[in-house]
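The structure appears below as structure tokens.
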Ligand SMILES: *[C@@H]1O[C@H](CO)[C@@H](O)[C@H](O)[C@H]1NC(C)=O
């Protein structure tokens with residue numbers, strides 16, 4: 001019990017140092033060469049409106065968020081072909097179920113929207129209603145406030161999976177840079193043919 005626990009915290013410490021270095025270097029570069037950093041970021045994803053998030057980069061909240069994301073990835077419990085964690089989720093009606101309950105219907109997320117941190121389940125359900133406004137062709141459920149699904153699926157900030165019969169058929173890479181809904185389409189089309 002003692003050792004794995006210490007191991008996780010050692011890894012967390014290592015990740016903490018890496019993220020601190022990344023943010024500090026980013027901040028210095030952004031201050032010294034704002035034009036070049038902007039060009040670099042836009043080269044990674046030309047569809048991102050720089051004005052929306054450029055000034056938020058390498059700030060203290062940015063640091064905490066990136067740290068949370070990378071710490072969470074240390075607890076990633078998923079791999080393609082592996083068992084899909086059957087995490088609890090909540091319907092918009094408030095009814096509770098588990099991810100596997102949706103296995104027959106398929107499972108897909110649509111585009112993400114900028115939403116404040118949820119302080120309680122009501123906030124989270126409210127946010128999920130934004131999805132319903134776009135008439136998704138699938139059931140929409142949210143994580144519980146313990147964020148188990150988010151954690152075991154290493155889902156932050158966004159991630160796509162295709163699950164079938166309790167197995168992970170497809171595991172997408174984390175967004176925003178490596179988030180590719182079209183890969184899900186390809187997997188589903190291949191599967192359907
Ligand atoms: C779950 O995530 C929300 C943000 O969406 C956060 O406010 C809350 O503290 C998290 N819960 C736990 C148990 O970490």
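Read-outs throughout are calculated quantities, based only on the coordinates presented, and are distinct from any laboratory measurement. All values derive from a computational prediction rather than experimental measurement.
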The chain, helix-only ellipticity at 222 nm - DSSP H runs n ≥ 4, -39,500 (n - 2.57), divided by all residues, nearest 500: -14500 deg cm²/dmol
Selected from 12, 96, 36 as most flexible by GNM, with the chain as the system and alpha-carbon contacts under 10 Å: 36
Cα-based helix-to-principal-axis angle, 181-192 vs the chain, degrees rounded to 10: 30
Shape parameters for the chain, alpha-carbon atoms, Rg then Dmax in Å: 18.4, 53
For the chain: relative contact order, % (alpha-carbon pairs under 8 angstrom, 6 or more apart): 22
The range 88-192: relative contact order in percent, alpha carbon pairs under 8 Å with at least 6 residues between: 26
Rounded tilt (10° steps) of 2-32 against the dominant C-alpha axis of the chain: 50
Cα-based helix-to-principal-axis angle, 121-132 vs the chain, degrees rounded to 10: 80
